[in-house]
Amino acid sequence: SAVISQKPSRDICQRGTSLTIQCQVDSQVTMMFWYRQQPGQSLTLIATANQGSEATYESGFVIDKFPISRPNLTFSTLTVSNMSPEDSSIYLCSAGYQETQYFGPGTRLLVL
Amino acid sequence: EDQVTQSPEALRLQEGESSSLNCSYTVSGLRGLFWYRQDPGKGPEFLFTLYSAGEEKEKERLKATLTKKESFLHITAPKPEDSATYLCAVQGAAGNKLTFGGGTRVLVKP
């Protein structure tokens with residue numbers, strides 16, 4: 001399996017600011033993904049982080065709000081920009097490894 | 001568009017009381033159906049992948065089965081440590097994304 005770590009594990013931010021979340025995988029992986037899990041709800045895919053090219057965003061998510069970087073095969077970042085209280089959520093990184101997606105522990109974000 | 005519906009939303013069991021969770025899905029070209037376990041405050045933990053109708057997989061007290069329209073997660077003689085939210089997801093032919101259901105929250109009382 002792949003082991004995934006995320007930083008920070010949690011944060012409290014003021015509205016209008018931005019937060020960058022880091023995701024590190026212990027193996028080289030082709031596919032990395034970013035999901036959002038709103039309180040009491042299931043997971044929704046934000047985007048696929050492509051190495052060497054722009055991320056592929058799902059309907060309802062835009063690059064200006066959620067810019068993503070993928071500089072190599074083990075690392076990705078997600079930035080939540082110009083935050084509002086509606087962005088309070090858990091943000092999860094996942095990696096595709098041997099036909100399975102493994103998830104990180106999540107970043108718990110509270111926007112005041 | 002791929003869709004996944006899980007039932008029930010919540011399940012309260014006595015220790016040792018076996019039960020089943022349901023995952024109904026519609027997908028264009030199923031590449032895989034995934035079961036995960038999620039504990040409060042943690043990321044989803046991978047349990048099983050099923051690829052074709054008739055396939056079954058087991059892990060300790062858990063057994064997952066798959067038909068062309070749904071999957072079941074059977075919990076046999078559950079223990080309190082089996083309390084968690086169980087998530088079902090499908091991966092269709094269109095790409096690598098997973099589409100998740102709403103999950104089933106399981107509480108096993110001693």
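Since every read-out is calculated from the coordinates, none of them should be taken as a lab result. Predicted model, so just to flag it, every value in this text is computed and none were measured. No Cβ is skipped: glycine too gets one built from the backbone with ideal geometry, and neighbour counts run over all protein chains shown.
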(message) For chain B, what does the relative contact order come out to in percent, with C-alpha contacts under 8 Å and a separation of six or more?
(response) 38 percent
(request) First measure r as the distance between the Cβ atoms of A:SER84 and A:SER53, then evaluate 1/(1 + (r/R0)^6) with R0 = 30 Å and state the FRET efficiency to the nearest 0.05. (result) 0.55
(request) Please return the longest stretch of chain B lacking exposed loop sites, where trypsin sites (Lys or Arg not before Pro) count only if DSSP places them in a loop and at most 13 other Cβ atoms lie within 10 Å. (result) B:1-67
(request) Provide a whole-number value for the mean count of partner chain Cβ atoms within 10 Å of the Cβ atoms in peptide B:43-52. (result) 4
(request) Express the relative contact order of region B:62-110 as a whole percentage, based on alpha carbon pairs under 8 Å and six or more residues apart in sequence. (result) 34 percent
(message) If the only charges are +1 at each Lys and Arg Cβ and -1 at each Asp and Glu Cβ, what is the size of the charge dipole of region A:1-97 around the Cα centre, to the nearest 20 debye?
(response) 140 debye
(message) Just want to confirm a number: the relative contact order over chain A, from Cα pairs under 8 angstrom separated by 6+ residues, in percent.
(response) 38 percent
(request) May I ask you to compute the full-extension gain from A:SER5 to A:ILE63, defined as 0.36 nm times their residue separation minus their alpha-carbon distance, rounded to one decimal in nm? (result) 18.6 nm
(request) Please tell me which of these pairs span more than 27 angstrom C-alpha to C-alpha: A:LYS65/B:LYS68; A:LYS65/B:LYS42; A:LYS7/B:LYS109; B:LYS42/B:LYS97? (result) A:LYS65/B:LYS68; A:LYS7/B:LYS109
(request) For chain A, count the residues as N, evaluate 2.2 N^0.38 Å, and divide the Cα radius of gyration by that value, please. (result) 0.99
(message) Taking every alpha carbon pair in chain B, what does the distance histogram look like in 5 angstrom bins from 0, in percent?
(response) 2, 13, 25, 25, 19, 10, 4, 2, 0
(message) I want to verify a result. In a Gaussian network model of chain A, Cα cutoff 10 Å, which of these has the top mean-square fluctuation: A:LEU78, A:LEU92, A:LEU43?
(response) A:LEU43
(message) Given points 7 Å out from each Cα along the Cα-Cβ axis, report the B:THR67 to B:SER7 separation in nanometres with one decimal.
(response) 1.3 nm
